[in-house]
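Visitor: What follows is a structure written as structure tokens; I'll ask about it next.
The values are calculated or read from the model by the stated rules, or taken from the named source; none is laboratory data. Predicted model only: the values in this text are computed from it and were never measured. So basically every Cβ, Gly included, is an ideal-geometry build from the backbone, and we count neighbours across all protein chains shown. Just the protein is used for accessible areas: all its heavy atoms, side chains included, with ligands, DNA and RNA removed. Shrake-Rupley method; radii C 1.70, N 1.55, O 1.52, S 1.80 Å.
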Amino acid sequence: MDVRLTHEQRQLRDAAAKLADDLGPGSVLDLEDATRNARLEKAVAITGWRSLRSDGASGVEVAIVAEEFGRGLVDVPFLGPVLADDLRRHVADDQLTWAIAVGDEAVDATGLEHALVLRENKAFAGRVGSVAAGADLTRGFAELLEDGDSLGEISADDVTRWEALALVATCADLVGTARGAHHVATEYAKVREQYGTAIGSYQAVAHLLAEGLALIEGSVSVLRYAAWAVDELPPAEAIAAARIAKIYCARATRTVCETAVQVHGGIGNTWECLVHVYLRRALTSTELFPVRLEEIDLGLS
């Protein structure tokens with residue numbers, strides 16, 4: 001495995017990062033800015049990144065975009081549509097933007113009418129119903145109505161590979177979320193002063209931030225391997241790598257986000273502080289396609 005990104009992958013990462021920086025929410029109030037959200041939706045639609053897999057993109061490339069969108073708290077559908085697209089490419093020729101169904105809910109379904117429903121190895125066209133309450137302020141969940149028409153069957157290997165991609169995509173979102181929360185906390189530590197000195201100069205704060213950075217770097221390593229494994233290893237090995245990555249990244253990201261809240265002190269628990277938006281997104285991505293320790297054969301404790 002070559003861990004280095006290709007020239008094209010670096011370009012994709014830079015483009016996704018710029019889009020997230022330019023149009024993603026920079027504050028809690030920005031989440032209610034309909035004009036910004038409409039511009040973001042239009043920009044993401046133009047890129048065609050929601051149909052990356054049917055365009056021939058690898059798991060690594062899906063992870064690159066998901067990571068940058070998590071870092072920038074991009075609040076229009078991406079994760080659901082790109083996972084639905086990975087299944088639809090086996091049973092349909094179009095590149096329609098659908099959400100993905102998980103249990104009785106349509107995930108990342110804001111503004112979408114259909115969700116792809118997978119029952120064992122059979123795909124169905126589900127209809128998206130009313131909005132469901134959720135903790136994540138950046139991604140919409142909705143009630144799933146009846147399964148609808150059958151789209152066809154998907155091979156067991158393709159379903160397993162899709163499951164690995166789903167874990168990798170949520171891992172990438174977690175890593176990006178951790179990077180975003182850590183950046184906000186670090187910038188705050190540079191300007192917030194106590195006794196006339198920036199709080200980042202105190203070891204109690206600096207060591208917390210350094211530990212967070214180490215956790216993020218570890219997460220990037222396990223994520224890169226799992227993303228590469230989606231297309232390069234047999235399905236059973238790909239899903240094994242993705243499960244380990246999901247457990248590691250979920251634990252690391254929760255620690256980083258909670259650290260960001262602590263670094264902000266008293267305001268870290270207020271509605272106006274952006275770090276709770278990162279923490280909410282991290283907890284939601286953890287519960288999407290969750291993995292239990294019993295499902296992996298390498299001990300993590």
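Visitor: Given the chain reduced to its alpha-carbon atoms as identical point scatterers, what log10 I(q)/I(0) does the Debye formula return at q = 0.09, 0.11 Å⁻¹?
Guide: Once normalised to I(0) and log-transformed, intensities are -0.43, -0.64.
Visitor: May I pose another question? Dividing the alpha-carbon radius of gyration of the range 25-66 by 2.2 N^0.38 Å (N being the number of residues), what value is obtained?
Guide: Dividing the Cα Rg of the range 25-66 by 2.2 N^0.38 Å gives 1.44.
Visitor: Shifting gears a bit: Quick one: divide the alpha-carbon radius of gyration of the range 163-289 by 2.2 N^0.38 Å and tell me what you get.
Guide: That works out to 1.16 for the range 163-289.
Visitor: Of all accessible surface on the range 145-301 at a 1.4 Å probe, what whole percent is carbon and sulfur?
Guide: That fraction is 54 percent.
Visitor: Applying 1/(1 + (r/R0)^6) with R0 = 35 Å to the Cβ-Cβ distance of GLN262 and ARG10, what FRET efficiency is obtained, to the nearest 0.05? If you can, show how the numbers build up before the last one.
Guide: Working: r = 34 Å, r/R0 = 0.96.
Approximately 0.55, to the nearest 0.05.
Visitor: Here's another thing I want to ask about it. Share of antiparallel DSSP beta bridges in the chain, in percent to the nearest 5?
Guide: 90
Visitor: Testing the spin-label approximation: label points 7 Å from Cα along Cα→Cβ at ASP21 and GLU294. State their distance in nm.
Guide: For the pair ASP21/GLU294, the computed spacing is 4.6 nm.
Visitor: Turning to a different aspect of this structure: So if I take the alpha carbon set of the range 112-182, get Rg, then get Rh from the Kirkwood formula, what is the Rg over Rh ratio?
Guide: So for the range 112-182, dividing Rg by the Kirkwood Rh gives 1.05.
Visitor: Same structure again: Could you tell me the accessible area of GLU143 in Å² (1.4 Å probe, neighbours in place), rounded to the nearest ten?
Guide: GLU143 exposes around 80 Å² with every protein chain in place.
Visitor: Going Cα to Cα from LYS190, which lysines come in below 28 Å? Please leave out same-chain ones fewer than 8 positions away.
Guide: Hits, sequence-local ones excluded: LYS18.
Visitor: Carbon-plus-sulfur fraction of the accessible area of the range 1-136, 1.4 Å probe, in percent?
Guide: For the range 1-136, the apolar C and S fraction of the accessible surface comes to 49 percent.
Visitor: Rank-order 225-232, 177-184 by packing density, defined as the average count of other C-beta atoms within 10 Å over each peptide's residues, highest first. Mind showing how you got there, number by number?
Guide: Numbers: 225-232: 22.5, 177-184: 25.0.
Top of the packing list down: 177-184, 225-232.
Visitor: Here's a follow-up. Could you tell me the calculated FRET efficiency between GLU272 and ALA135, based on Cβ-Cβ distance and R0 = 25 angstrom, to the nearest 0.05?
Guide: 0.90
Visitor: Pairs of alpha-carbon atoms within less than 8 angstrom and 6+ residues apart define the contacts here; what relative contact order does the chain have, in percent?
Guide: So the answer I get is 18 percent.
Visitor: Residue-wise, which Karplus ³J(HN,Hα) couplings in Hz belong to the range 277-286, taking 6.51 cos²θ - 1.76 cosθ + 1.60, θ = phi - 60°, and x for glycine or proline?
Guide: 5, 4, 4, 4, 5, 4, 5, 5, 5, 5
Visitor: At a Förster distance of 30 Å, what's the computed FRET efficiency of ASP93 paired with MET1, Cβ-Cβ distance as r, to 0.05?
Guide: Taking R0 as 30 Å, the efficiency between ASP93 and MET1 is 0.40.
Visitor: Based on Cα coordinates alone, diagonalise the gyration tensor for the range 162-209, multiply each eigenvalue by 5, take square roots, and list the semi-axes in whole Å, largest first.
Guide: Semi-axes (√(5λ), whole Å): 34, 9, 4.
Visitor: Sticking with this one: Putting +1 on Lys and Arg Cβ atoms and -1 on Asp and Glu Cβ atoms, find which of GLY140, GLY196, ALA252 reaches farthest to the positive end of the dipole of the chain.
Guide: Positive-end residue among those listed: GLY196.
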